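Undergrad: One structure follows; several queries about it will come next.
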Amino acid sequence: IRKIAVFTSGGDAPGMNAAIRAVTRAAIVNKLKVTGIRRGYQGMIEGDFVALRSSDVSGILQLGGTMLQTARSDEFRTAAGREQAYQQLKKAEIDAVVVIGGDGSFTGALVMSQEYNIPFIGIPATIDNDMYGTDYTIGYETALNSVVEAVDKIRDTARSHGRIFFVEVMGREAGLLALTSGIACGAEVILIPESNEQHIELEKFLHKGYKKKETSGIIMVAEGDEAGGAMKIAEKVRNEHPDLDVRVSILGHIQRGGSPTAKDRVNATRMGVAAIEALLDDQKSMMIGITNEKIVHVPFNKAVKLNHSIDNNLLDIHKLMNR
Ligand code: ATP
C-alpha cells in the first residue's frame, strides 16, 4: 500500500483528533501518503478529501471533537452509495482506510470490504465504551470525568436543599457510563438498561423514610433505561411520593465535548500507531482494541455482533456502598 485514508464517523468523541494525528504521523513515518476524508461516509461518497501532512495535525492532540468532522450517512447504507464511495477512493488512489468510530461505522466498513477489495482497520471511539473486545474506546474516560464533575456540582444543590435529583447521562443501549460515574459520585441508585433489578433498589431508597428537606440523593439514569429516561421516571416518583422534592438534570451534550484526558490521548495514540502497523501487516476488517493494557486485534464481525457486557462486580460494589 502507498496511500491511506483516515476518517471519523458516527458520534464525535474526545480523543478522535489524537487518533487522527497518530494515524497520520505513523503512516508518514512509514512512507505512506495520507488523505483525510471529511464528514464520514458522506464525505467519502462526495469525494470530500484533504491531503494530510504531519504539520496539518499539529496542535489538535488536546482538542475535543474531530478536525475532519463526522456525519451519519443514509446514502452509504445503499449499494449505490457504497459504489460511489469506492469510485471516489479509487480515483484518489487510496489503497487502505482507517475508520475511527463506533459499531455502526465498523458495520459499514465490513459491508464495503465484502463488496470491494479495500482493507479497513477500525479504531473504536465512542463515549459509551460498549464495543466487544476492547476495555477502552476513545472518549469514554473523558466523558466519565465530565459527568463526575457535573454531578459533584448537582450534589451541592441536592444536599443544600434536601432534593432528590434524577441525573440522565448518555447511553441508549449501554449503561457503563452511568454505572461508573454513579460509583464515582456516590449515587444512591443507578438505573441502566442492562439490569432492571435497579428499580427495586430505587423503591427501597424511596421508602427508607426519606422526608422532604431531611435528606437528598442522586439517582443516575442511563438514557436507555427501561423507565424511558430521567423525565419519565421522575414524574412517576413525584406522583407516588408527593412529599419528596424531586428534580431532573439531563446532562446532554456537555458529556461529549471537551479536551481529552491524558488516558484518552495515550490510548488514541497507541491505537492510531497500531492501526498503521496492522495495515502494513496486510490485516483487514480488524478493530484495534486495548485489553489488559495491551493492544489487541478484534475482527469487525466479532466487534459489531457481540455485546460488551456490564461487569456485575461493579453493580455489587455499588450496592455494598448503599446498604
Ligand atoms: P456511535 O456509537 O456514536 O453511534 P457509530 O459508528 O455506531 O457511532 P452509526 O450512526 O451507527 O454510528 O453509524 C455511522 C455510519 O455508518 C452510518 O451513518 C452509516 O453511514 C454507516 N453504517 C452503519 N450501519 C451500516 C450498515 N449496516 N451498512 C452500511 N453502512 C452502515
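Undergrad: If we scan the range 49-61, do we find a residue that is at pLDDT 95 or above and within 16 Å of the ligand (Cβ to nearest atom)?
TA: Looking for residues that are at pLDDT 95 or above and within 16 Å of the ligand (Cβ to nearest atom), one finds none in the range 49-61, hence no.
Undergrad: Tally up the residues in the range 139-189 that are in contact with a strand residue (DSSP E or B) (Cβ under 7 Å, 6 or more places away or on another chain), in a loop (DSSP other than H, G, I, E, B) and of a type in the set (A, V, I, L, M), please.
TA: Filtering the range 139-189 down to residues in contact with a strand residue (DSSP E or B) (Cβ under 7 Å, 6 or more places away or on another chain) leaves 139, 147, 151, 154-155, 158, 163-169, 171, 175, 177-179, 181-182, 185, 187-189.
After this cut, where a residue has to be in a loop (DSSP other than H, G, I, E, B) as well, the list is 139, 163, 171, 175, 187-188.
After this cut, where a residue has to be of a type in the set (A, V, I, L, M) as well, the list is 187.
Adding up the residues that qualify gives 1.
Undergrad: Hey, could you check the range 63-83 for residues that are surrounded by fewer than 17 Cβ atoms within 10 Å (Cβ to Cβ) and in a helix (DSSP H, G or I) and say which is nearest to the ligand (Cβ to nearest atom)?
TA: 77
Undergrad: Also, I was wondering about something else. Contact list please: Cβ distance under 8 Å, first residue in the range 72-88 and of a type in the set (S, T, N, Q), second residue more than 12 Å from the ligand (Cβ to nearest atom), pairs at least six apart or on different chains.
TA: Listed pairs, sorted by first residue: 88/46; 88/47; 88/49.
Undergrad: What single numbered condition from (1) without any contact (Cβ under 8 Å) to a residue 40 or more places away in the chain; (2) in contact with a Ser or Thr (Cβ under 6 Å, 6 or more places away or on another chain) fails to hold for residue 304?
TA: (1)
Undergrad: Using the structure shown, decide if residue 134 is within 14 Å of the ligand (Cβ to nearest atom) and not in a helix (DSSP H, G or I).
TA: Against the criterion (within 14 Å of the ligand (Cβ to nearest atom) and not in a helix (DSSP H, G or I)), residue 134 qualifies.
Undergrad: Show the residue pairs meeting these rules: Cβ distance below 6 Å; 6+ apart or different chains; first residue within the range 107-119 and in contact (Cβ under 8 Å) with a residue 12 or more places away in the chain; second residue within 13 Å of the ligand (Cβ to nearest atom) and of a type in the set (A, V, I, L, M, F, W, C).
TA: 107/304; 108/76; 109/99; 109/120; 110/300; 113/120
Undergrad: Does residue 180 qualify as being surrounded by 16 or more Cβ atoms within 10 Å (Cβ to Cβ), under 30 Å from residue 69 (Cβ atoms) and polar (S, T, N, Q)?
TA: Yes: the conditions hold for residue 180.
Undergrad: Could you run through the range 237-256 and say how many residues are among the small types (Gly, Ala, Ser) and surrounded by 16 or more Cβ atoms within 10 Å (Cβ to Cβ)?
TA: Residues flagged as among the small types (Gly, Ala, Ser) and surrounded by 16 or more Cβ atoms within 10 Å (Cβ to Cβ) within the range 237-256 amount to 1.
Undergrad: Okay, next question. Would you point out the residue of the range 85-114, among those that are over 16 Å from the mean Cα position of the chain (by Cα) and within 10 Å of the ligand (Cβ to nearest atom), that is nearest to residue 23 (Cα to Cα)?
TA: 109
Undergrad: Scan the range 31-48 residue by residue and report those that are of a type in the set (Val, Ile, Thr) and either within 11 Å of the ligand (Cβ to nearest atom) or out of contact with any Asp or Glu (no Cβ under 8 Å at 6 or more places or on another chain) (or both).
TA: If the condition is that a residue be of a type in the set (Val, Ile, Thr) and either within 11 Å of the ligand (Cβ to nearest atom) or out of contact with any Asp or Glu (no Cβ under 8 Å at 6 or more places or on another chain) (or both), then 34, 35, 45 are the ones that fit.
Undergrad: Among the residues of the range 122-135, count how many are in contact with a Lys or Arg (Cβ under 7 Å, 6 or more places away or on another chain) and within 19 Å of residue 17 (Cβ to Cβ). Working first, answer last.
TA: Looking only at the range 122-135, we keep the residues that are in contact with a Lys or Arg (Cβ under 7 Å, 6 or more places away or on another chain), and these are 127, 132-133.
Now narrow it down to the ones that are within 19 Å of residue 17 (Cβ to Cβ): 127.
Selection size over the range 122-135: 1.
Undergrad: Could you pull out every one of the strands (runs of 3 or more DSSP E) wholly within the range 213-323 that has 2 or more residues that are closer than 21 Å to residue 179 by Cα?
TA: Output list reads 217-222, 246-250, 286-291.
Undergrad: Are there any pairs, at least 6 apart or on different chains, whose C-beta atoms fall under 8 Å, with the first in the range 21-36 and assigned to a helix (DSSP H, G or I) and the second modelled with pLDDT of 95 or more and among the acidic types (Asp, Glu), and if so, which?
TA: 24/56; 26/277
The values are calculated or read from the model by the stated rules, or taken from the named source; none is laboratory data. On a predicted model such as this, the values are computed, not experimentally measured, just so you know. Here Cβ is always computed from backbone atoms with ideal geometry, including for glycine, and neighbour counts include all displayed protein chains.
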